[in-house]
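Since the structure comes first, as structure tokens, the remarks are kept for the end.
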Amino acid sequence: HMDTKGVAQFEAWKKAGVMKDYLILFSMFSSSRTYDMWVTLYFDRFADIGKWADVEKKFPGGLSAEGLKLATPDGTVFTDVPWMGGSRKADLAKSVFMIIPYRTLVPVSKYEEYTNAYVIPQLKGWVNSTVMPSYEIHQNINPTNAPWDILMVFEYDGLRGIALRDTIKNDIRKDLLNDDGYKKYSPIKLNFRKEDEPTTYVPILPKK
């Protein structure tokens, strides 16, 4: 359904100016512990979300009546994206995405310091290695009782990128051993966040 009528409807909303862009990700594997699908909507301004609120009246979670017979929307989270890097592949059909939700264990300002000093230098290295074309870190702007505070969205160069993930991660960390931010936060990183289960997804794209 999403590969045909579903994505076609999102593409129509994009062309009509409801949102700036969208990304539909569907799980590569069935799991009762994680979500089957994530839909990210991008807006130029927060006020533009009102256009989507009008859509939701007839299409909860962006699903038609037909889609709602197949799936139930779990919830909506408003986010900022204070950290992003790289650029998505021109052909997203060749990409595999990994989503990792986090719970933060420190105040927002402290987590931002940790991310800027420890996380971002590593992600820049991953992008430069070519295994990760792009990344986004979403920050929940209404975190009280929400399922997650931070959402990592990593785009990998297909299964090749996923396979090389740990190798590149370890190589980049070796390069950062003398970096002040890495030395400060590496021994205490577990004091800043709790990681939930990472899950791999493939994009659902409109037919050309």
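What follows is calculated from the coordinates using simple rules that are stated; it is not laboratory data. Not measured: the values here are computed from a predicted model. All Cβ positions, even for glycine, are placed from backbone atoms using ideal geometry, and neighbour counts span all protein chains on display.
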Legend entry - Degrees, to the nearest 10: 165-175 long Cα axis against longest axis of the chain: 40
Inset, instruction - Could you sort out which of Lys5/Lys169; Lys51/Lys208; Lys20/Lys94; Lys5/Lys51; Lys20/Lys184 sit more than 31 Å apart by Cα distance in this structure? - result: Lys5/Lys169; Lys20/Lys184
Inset, instruction - Output ³J(HN,Hα) for segment 48-59: one whole-Hz value per residue in order, computed from phi by the Karplus curve 6.51 cos²θ - 1.76 cosθ + 1.60 with θ = phi - 60°, and x for Gly and Pro. - result: 5, 4, x, 5, 6, 4, 5, 5, 4, 4, 10, 10
Inset, instruction - At 7 Å along the Cα-to-beta-carbon direction for both Lys5 and Asp48, put a label point, then send me their distance in nm to one decimal. - result: 2.8
Legend entry - Amide proton proximity set for Arg193, modelled H, under 5 Å, gap of 5+: Leu105
Inset, instruction - Measure out, as a whole number of angstrom, how far apart the alpha-carbon centroids of segment 1-60 and segment 161-195 sit. - result: 33
Legend entry - Positive dipole terminus of the chain, leading residue within Tyr114, Val153, Leu25 (C-beta point charges): Leu25
Legend entry - Student exercise, the chain dipole from Lys, Arg, Asp, Glu Cβ charges, in Debye to nearest 20: 220
Legend entry - For Met28, distant residues with modelled amide H under 5 Å away: Thr200, Tyr201, Val202
